[in-house]
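This report concerns only the one structure given below.
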Amino acid sequence: MTRETAINLLLAALLLALPLIAAGMGEPFYVTLATRVVVLALAAVGLNLALGLGGLLSFGHAAFFGLGGYAAGILATHAFNAEPLFAGIPGTTSMPLIWLVAIAVAGLVALPIGAISLRTTGVYFIMITLAFAQMIYYFAISWPAYGGEDGLSIYVRNSFPGLNTAQPLPYFLICFVVLMAALLAFRLIEGSRFGSALQAARQNGVRLAAVGIPPFKVRLVAFVLSAMITGLAGALYADLNRFVGPSMLSWHMSGELMVLIILGGKGRLFGPVAGAMIFVCLEYVLGGITERWQFFLGLILLGIVLFARGGFLGLLSGKPRHV
Amino acid sequence: MSEPILEIRDLQKSFNALKATDGVSLDLKPGQIHALIGPNGAGKSTLIHQIAGSLKADSGTIRFLGQDIGGLDMAARARLGLARSFQISSLAQEFSALRNVMLAVQAKEGSSFRFFRQVTSDRSLIDPAMAMLERVGLAHRANAPAAELSHGERRQLEIAIALALQPKAFLFDEPMAGMGPEGSKQLTTFLDRLRHEAPMLLVEHDMDAVFALADRISVLVYGRIIASGTVDEIRRDPEVRRAYLGEAA
Ligand SMILES: Nc1ncnc2c1ncn2[C@@H]1O[C@H](COP(=O)(O)OP(=O)(O)O)[C@@H](O)[C@H]1O
Ligand SMILES: [Mg+2]
């Protein structure tokens with residue numbers, strides 16, 4: 001077992017144990033805080049596929065996060081009001097169904113966005129993905145049917161067969177299992193033929209094309225998969241807060257997901273998890289002391305970018321080894 | 001079997017006012033090594049780029065295996081069977097030498113959209129890739145990241161990658177540059193045997209290697225082919241001696 005694997009297992013154990021202990025001590029607030037870590041980590045796992053493995057600096061992943069959130073909010077609202085969505089199709093409060101819709105919507109929207117954005121690189125790619133996300137953001141604000149600027153409340157958390165999702169701990173466990181499944185998928189993809197092609201596209205797209213693999217197609221598939229995972233996280237986030245609003249779609253959110261990855265370690269399996277743990281801790285601890293906690297977050301980011309490119313995990317476990 | 005594999009007609013390419021390719025026509029026939037020589041800046045690499053698809057020609061046609069490939073991108077041309085090496089080596093720097101070749105093996109198999117089976121334990125990728133590294137004499141460096149290879153080793157790796165594609169034609173841009181006399185000699189022997197697998201368009205400065213290997217030589221000066229013929233014809237050509245060989249002879 002490598003040092004990084006040991007650290008990963010430790011992080012996963014910590015992330016599971018803390019809320020169990022908190023629940024045992026009758027402190028549901030900390031369970032909810034841990035769920036926030038898990039859901040943000042999941043969103044960042046999605047981005048990590050594009051950004052970490054593929055080197056695609058998407059500054060628009062809030063779009064997919066928010067779309068997943070709105071999928072959950074809209075389906076739940078229609079089910080709650082017993083109004084069909086369209087053409088007689090009803091809403092639903094079933095999480096598994098909602099997740100499927102969130103994943104599908106995020107993927108379908110990511111396809112044209114990726115197909116257009118991926119024709120550019122570098123700063124232009126960053127700007128185009130940002131522009132698409134902002135378009136969706138303003139659309140959500142100006143569409144009164146689903147709350148416009150005020151967003152949508154989910155009055156009762158959506159349901160999962162056999163579990164009481166209204167309780168913080170079962171909901172945490174659901175999210176935790178989804179995160180672990182996403183991490184497993186990430187690891188498998190990373191080590192697969194597709195993962196090889198994707199990482200080669202990041203390192204040297206010309207080399208990839210020269211052996212006959214089209215970099216554009218590889219990047220597009222990665223972008224869509226990445227959006228699907230982030231979209232799923234959005235649905236979980238909406239259910240966590242029992243609310244979805246345009247802020248989930250805003251560029252702050254896109255930036256936050258990037259920050260999580262840079263904090264934790266770009267391209268590393270547990271980078272998003274470590275990043276989300278640090279981020280939420282800072283937000284909670286420093287945020288309790290000063291409203292300007294993001295100033296300190298900025299200092300930490302600066303330190304990482306200047307002195308520890310591998311992020312937190314890079315600091316602890318050294319350079320990743322490609323074989 | 002003397003239909004050309006690669007057939008280039010009246011190719012033109014300008015960079016602003018500079019004509020880098022000025023009406024180039026040439027053929028590459030089965031079993032042939034066709035050497036392309038000429039002074040620095042003559043437009044040899046630019047020509048290779050246009051054939052491989054990393055640069056678009058302004059006009060003219062490139063036919064490969066009877067098909068006009070002018071509209072295809074680099075990846076599509078590679079899949080048709082055009083394998084190239086780069087004058088300035090172009091590798092996946094973080095990957096080991098072996099993974100660089102494995103990438104070519106999976107590309108050849110057309111299987112890059114598989115998401116589960118792990119490549120590091122996939123014998124159907126590792127074994128053929130290892131065999132290619134052995135052929136070029138780089139097996140002992142299989143696990144070294146490409147970024148840590150020496151200049152000469154990177155050249156060898158580029159050739160191993162091209163071999164793994166089992167192409168219908170090779171495009172090699174100065175494969176011997178910086179290899180040293182011993183390395184050049186070995187590579188000359190190696191390329192000599194390789195012509196039986198696929199014909200080769202070979203850009204090379206090492207005239208000993210060119211004269212030893214080439215079935216045909218074309219001389220490029222300022223984007224134009226000023227002479228094309230057998231080794232003896234080129235050696236005797238007065239214009240070539242003046243424009244190019246003069247400085248070396
Ligand atoms: N991308 C480019 N943009 C502008 N000029 C270029 C470019 N690539 C090559 N050139 C110019 O075209 C000419 C031919 O270059 P090149 O094909 O690299 O020559 P060779 O390989 O024969 O040494 C040179 O004058 C070079 O400066
Ligand atoms: Mg050149």
For the range A:3-317, averaging the sequence separation of alpha carbon pairs under 8 Å that lie six or more residues apart and dividing by its residue count, the contact order in percent is 32 percent
One finds the C-alpha centres of the range B:171-190 and the range A:161-211 to be spaced, in Å, by 43 Å
Which of B:THR61, B:THR188, B:THR120 fluctuates most in a GNM of chain B (C-alpha springs under 10 Å)? That residue is B:THR120
Given the candidates A:ALA209, A:SER117, A:ILE21, the one whose Cα lies deepest towards the positive end of the charge dipole of the protein assembly as shown, counting +1 at each Lys or Arg C-beta and -1 at each Asp or Glu C-beta, is A:ILE21
Mean projected area (nm²) from the convex hull of Cα positions in the protein assembly as shown is 31.2 nm²
Projected area averaged over all directions for the convex hull of the alpha carbon atoms of chain B, nm², comes out at 13.9 nm²
Taking a ≥ b ≥ c as the square roots of the eigenvalues of the Cα gyration tensor, with a/c under 1.5 meaning rounded and otherwise prolate when a/b exceeds b/c and oblate if not, the range B:135-212 is oblate
Expected max-MSF residue from A:LEU249, A:LEU313, A:LEU14 in the GNM of chain A (alpha carbon, under 10 Å) is A:LEU14
Within the set A:MET253, A:MET277, A:MET180, GNM on chain A using Cα springs under 10 Å gives the largest fluctuation to A:MET180
For chain B, whose charge dipole is built from +1 on Lys and Arg Cβ atoms and -1 on Asp and Glu Cβ atoms, the candidate among B:ALA214, B:GLY180, B:GLY43 with its Cα farthest towards the positive end is B:GLY43
Low-density loop GluC sites (Glu not before Pro), the range A:221-306, at most 13 other Cβ within 10 Å, DSSP non-H/G/I/E/B, are A:GLU291
Computed over chain B, the relative contact order (Cα-Cα under 8 Å, seq sep at least six) in percent reads 27 percent
The lysines whose Cα lies under 18 Å from the Cα of B:LYS13, excluding any fewer than 8 residues away in the same chain, are B:LYS44, B:LYS56
Shape descriptor, the range A:3-317: equivalent ellipsoid semi-axes (Cα gyration tensor, sqrt 5λ, whole Å, largest first) stand at 29, 25, 19
Averaged over the residues of B:86-98, the number of partner chain Cβ atoms within 10 Å of each residue's own Cβ comes to 4
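Quick note: the coordinates plus some simple rules give every number you see, no bench work behind them. All values derive from a computational prediction rather than experimental measurement. We place every Cβ from the backbone using ideal geometry, glycine too, and count neighbours over all the protein chains shown.
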